[in-house]
Amino acid sequence: MDFSVRMYHLNDYLIKQRKYAIADQVFRSGTSIGANVSEAIRAESESDFVHKYSIAMKEAEETLYWLELIYKVDLLDEKLYHSLQNDCEELIKLGTSTILTMLRKIKAATADNHNL
């Protein structure tokens with residue numbers, strides 16, 4: 001949730017700078033990460049869980065793109081950029097680890113079912 005809140009504040013800042021299009025893009029991708037993770041919590045199956053988490057990771061990668069662009073066109077100072085970038089990369093690491101853990105669980109369950 002903290003990252004989504006940071007994206008909200010970044011969006012607010014960019015709107016005040018009259019950078020509406022880029023504000024919308026980074027806000028949508030940045031807040032979509034948490035929304036998709038929340039959906040995964042109530043997934044209908046383990047495969048659905050992996051699917052929703054995978055979407056969250058795609059959104060995180062897109063967010064990294066927008067953050068870099070915003071930084072390179074001098075709309076973010078270096079300290080804030082690196083802070084947001086590090087938070088987003090940490091989300092990607094956690095999400096990727098979560099996906100891999102679930103895939104191993106699915107594979108183990110499938111192997112167990114074939115051994116019956």
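I'd like the carbon and sulfur percentage of the solvent accessible area for the chain, probe radius 1.4 Å, heavy atoms only, ligands and nucleic acids excluded. Kindly include the intermediate steps, with their values, before the conclusion.
Numbers: 4110 of 7650 Å².
C and S atoms contribute 54 percent here.
Could you report the chain's accessible area per residue, 1.4 Å probe, as an integer in Å²?
On the way: 7650 Å² over 116 residues.
Per-residue accessible area for the chain comes out at 66 Å².
Axis of helix 20-41 versus longest Cα principal axis of the chain: the two differ by about 20°, to the nearest ten degrees. In the calculated pair distance distribution of the stretch 1-82, what percentage of Cα-Cα distances lie above 17 Å? The answer is 47 percent, as a whole percent. Quote the FRET efficiency, to the nearest 0.05, computed for residue 13 versus residue 97 with a Förster distance R0 of 25 Å and r equal to the Cβ-Cβ distance. Between residue 13 and residue 97 the formula returns 0.20.
Here's the list of lysines a cross-link from residue 58 could span, going by alpha-carbon distance under 17 Å and ignoring same-chain residues fewer than 8 apart: 93.
The values are calculated or read from the model by the stated rules, or taken from the named source; none is laboratory data. Everything numeric here is computed off the predicted structure, so don't read it as measured data. All Cβ positions, glycine included, derive from the backbone under ideal geometry; neighbour counts span all protein chains shown. Side chains included, ligands, DNA and RNA excluded: accessible areas come from the protein's heavy atoms. Shrake-Rupley method; radii C 1.70, N 1.55, O 1.52, S 1.80 Å.
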